[in-house]
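See below for the structure under consideration.
The values are calculated or read from the model by the stated rules, or taken from the named source; none is laboratory data. Just so you know, these numbers come straight off a predicted model, no measurement behind them. Glycine also receives a Cβ, built like all others from the backbone with ideal geometry; neighbour counts cover every protein chain displayed.
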Amino acid sequence: MAAIRNVGVIDIGKTNAKVAVVDLDQRRELGVLTRPNTVLPGPPYPHFDLEGHWGFICDALSKLHEAHGIDALSVTTHGASAVLLDAEGNLAAPMLDYESTGPDDLADDYEAIRPDFAETGSPRLGMGLNLGAQLHWQLKTDLDLLGRVTTVLTYPQYWAYKLTGVLSNEVTSLGCHTDLWCPSENRFSSLVDRIGLTDRMAPVRKAGDSLGPILPDVAARTGLPQDIKIACGIHDSNASLYPHLIGREPPFSVVSTGTWVIVLAIGGGQVMLDPSRDTLINVNAFGDPVPSARFMGGREFDMILQGRKKGCSEREIETILSHETMLFPAVDPRSGPFQGREHHWSVDETVLSDGERFAATSFYLALVTAECLAMTGADGPVVVEGPFAQNRLYLDMLVAATRRPVEASAGSVTGTSIGAALLVADSEAQEPEAQAGETADNRDPRLAKYARKWREQLR
């Protein structure tokens, strides 16, 4: 087979679905097509538009292959999701939106059967953020569902199945606060048996395992060669982590940003994780446990800005720092280290200009990120992936709050596609770039003072 250079990546985030072509030599996206990941209201419940996504994916692969040529395929998606298939390989039920409140109706029943944090590394989360809670609720509210379900697939592996017909699960998605995986023993948790799915879980494969060949009808629809290499797929935060796992010596941390901000600490200090503060154990592409913390940073940014411009003047930054105007958590109280708190400002927010609001919110997001880093025992440099890597105020405040080097990852606006593409690369293509990205180096002492005061006023 010829050397792989251009990788088509199916990248399904909570907010948007996209298909990209990644140039492995340059580690950049050559072309991107997107569509909103709009949740369908039901019946029977809020669910993701898998049929619409599949049509978009096939059309996007066809266009991008014609424009750039695609040598291999990989998949990455958000977590907290699985697809249930029947005996014919079709959906046994729609794929529940993890922000649906349905599972909360059976919270007490689920609490009685879910494994301890010590077994799974999964904190107890609301709505359907624990995949086990989703499955429990679906099985209890649709009494015929267990009889219809033949196979359970983690979400990236559903798209790999649509491409190849190969059924699989994979540990980065199984280990993403699902309650379904035991990271310390690399096995399914006791919950899988308790809800009757032991013999329905697809085989567990590695993220970089090559599946295929591509199904003939998919090859015909997209124009892709039938012998194209297709990776099993990976959870999106772990896709952001993967290039650093293969190219850096620990300790370091990766902050994957988007709708969610996910902090992943590699080789840091020993800490006792507090599941009540949304810390957890993720599992990386090599199957190793990774202390992690998270909050809905991108969602919070949008909630505060409400469509206002993303940017500010130097004068507006000066105003925020000199007046020490602060936003306190939690903007979205359903997750993160400050869940349950009601957000508030240190001033009347109506007096803020759009730029001042942007600056203060950027600082807020950096300070919550710093709290997440501290909770996971993070040490060494911090690498920021995704949209927040373009936000200089966020990076500068993160330097001041952590007192450690902070790098903005080079290249793409999102690191997930690059990491997913590297799953199909040969060893030479996996070698790290000489320059990982721009390093934030802020020396304004007011930022450190601002961070100290913010922490003091939290208590």
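A few notes on this one:
- Residue satisfying condition, being on the phi > 0 side of the Ramachandran plot and part of a loop (DSSP other than H, G, I, E, B), within set Gly287, Gly268: Gly287
- Tally of residues being in a helix (DSSP H, G or I) and farther than 18 Å from Leu447 by Cα across region 351-372: 3
- Scanning region 198-239 for residues that are more than 18 Å from Cys176 (Cα to Cα) and in a loop (DSSP other than H, G, I, E, B) turns up Asp209, Gly212, Pro213, Ile214, Leu215, Gly223, Leu224, Pro225, Gln226, Asp227, Ile228.
Residues are listed down the side, and each one gets a yes or a no for (1) under 18 Å from Thr76 (Cβ atoms); (2) within 23 Å of the chain's Cα centre (by Cα); (3) outside the structural domain of Leu61 (by TED's automatic domain parsing):
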position	(1), (2), (3)
Thr164	yes, no, no
Val171	yes, yes, no
Leu174	yes, yes, no
His177	yes, yes, no
Arg187	no, yes, no
Gly196	no, no, no
Ala207	yes, yes, no
Ser210	yes, yes, no
Ala219	no, no, no
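- Looking across Thr154, Thr150, one residue alone is within 18 Å of Leu91 (Cα to Cα), among the hydroxyl-bearing types (Ser, Thr, Tyr) and within 18 Å of the chain's Cα centre (by Cα). It is Thr154.
- For region 271-328, a residue qualifies if it is closer than 21 Å to Thr15 by Cβ, surrounded by fewer than 18 Cβ atoms within 10 Å (Cβ to Cβ) and in contact with a Phe, Trp or Tyr (Cβ under 8 Å, 6 or more places away or on another chain), and the qualifying residues are Leu305, Arg308, Lys309, Lys310, Gly311.
- Strands (runs of 3 or more DSSP E) (entirely within region 1-55) containing at least 1 residues that are among the hydroxyl-bearing types (Ser, Thr, Tyr), free of Cβ contacts under 8 Å to residues at least 40 places away in the same chain and not assigned by TED's automatic domain parsing to the domain that holds Thr259: 28-36
- In the set Ala118, Ala92, Ala133, only one residue is of a type in the set (A, V, I, L, M, F, W, C) and surrounded by fewer than 19 Cβ atoms within 10 Å (Cβ to Cβ); that residue is Ala118.
- Cβ pairs under 9 Å, 6+ apart, first in region 99-115 and aliphatic (A, V, I, L, M), second not in a helix (DSSP H, G or I): Ala107/Arg124; Ala107/Gly126; Ile113/Ile195
- Qualifying positions in region 333-354 - buried (at least 18 other Cβ atoms within 10 Å of the Cβ) and within 28 Å of the chain's Cα centre (by Cα): Ser335, Gly336, Pro337, Phe338, Gln339
- Any hit, region 331-349, residues being of a type in the set (Ser, Thr, Tyr), in a helix (DSSP H, G or I), outside the structural domain of Gly31 (by TED's automatic domain parsing) and out of contact with any helix residue (DSSP H, G or I) (no Cβ under 6 Å at 6 or more places or on another chain): no
- Leading residue by the ranking (nearest to Pro329 (Cα to Cα)) among those in region 375-390 that are in contact with a helix residue (DSSP H, G or I) (Cβ under 8 Å, 6 or more places away or on another chain) and surrounded by fewer than 23 Cβ atoms within 10 Å (Cβ to Cβ): Met375
- Against the numbered list (1) more than 20 Å from the chain's Cα centre (by Cα); (2) farther than 30 Å from Glu119 by Cα, Met303 comes up short only at (1).
- Some residue of region 282-295 being polar (S, T, N, Q) and farther than 30 Å from Pro183 by Cα: no
- In the set (1) surrounded by fewer than 24 Cβ atoms within 10 Å (Cβ to Cβ); (2) in a loop (DSSP other than H, G, I, E, B); (3) charged (D, E, K, R); (4) at pLDDT 95 or above, the condition left unmet by Asp179 is number (1).
- Scope region 10-48; condition surrounded by 18 or more Cβ atoms within 10 Å (Cβ to Cβ) and of a type in the set (Ser, Thr, Tyr); matching residues: Tyr45
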